[in-house]
Amino acid sequence: MKPKVLMLKFLIGGSTVAFSYFVSCIIPWKDFGGIFATFPAVFLLSMVIAGFEYGDELASHVCRGAIFGMSGCLCSILATWGMLSTTSNWPLSIIVGFATWFISAVMISTIVAKVTVLATHKSTAKHIAVHK
C-alpha cells in the first residue's frame, strides 16, 4: 500500500474516532457518540481507493467483505453489551466482543461462500438437464 494512501486512511479513520468521542462528551444524548462510532468512513475510503487503484472488481470485493465485517460488528455489539450487562467487566467485554466480531464475520463469509457455490451448482445442473 502506498504511504499516501495509508496516511489518508489513518487520518480519516482516526479523526472519525476522535470526532465520535468528542460528540459523546458534548451532546447530552450519550448514545449519539456510538452512532458516530459506526460511521463507515474507513470502509467508504477503502472502497474508493480500491476502485481508483485497482478497478471495480476489487472495490466490489471490499464492499462484500465490509458486509461480512459489519454483520460481525452487530454480533460484537450484542456480545459486548451482554457481557457488560452480566459482568460489568469492560476489559473482558471488549475481548469477548472482539473475538465475537472476528469469529462471526468469518462464519458469515464462509456460509455465504458455500451457499453461493451450492446455488451456482444447482443452476448449472438445471441448465445441463434442460439441454440434454
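Taking 25 Å as R0, compute the FRET efficiency from the Cβ-Cβ separation of V42 and L118 and round it to 0.05. Intermediate values should be presented prior to the final figure.
On the way: r = 32 Å, r/R0 = 1.29.
It comes out at approximately 0.20.
With only alpha-carbon atoms in the gyration tensor, what are the semi-axes of the equivalent ellipsoid for the range 65-113, in Å, largest first?
Values: eigenvalues 103, 13, 11 Å².
Here the semi-axes work out to 23, 8, 7 Å.
Since every read-out is calculated from the coordinates, none of them should be taken as a lab result. The structure presented is a predicted model; accordingly, all values stated were derived computationally and were not measured. We place every Cβ from the backbone using ideal geometry, glycine too, and count neighbours over all the protein chains shown.
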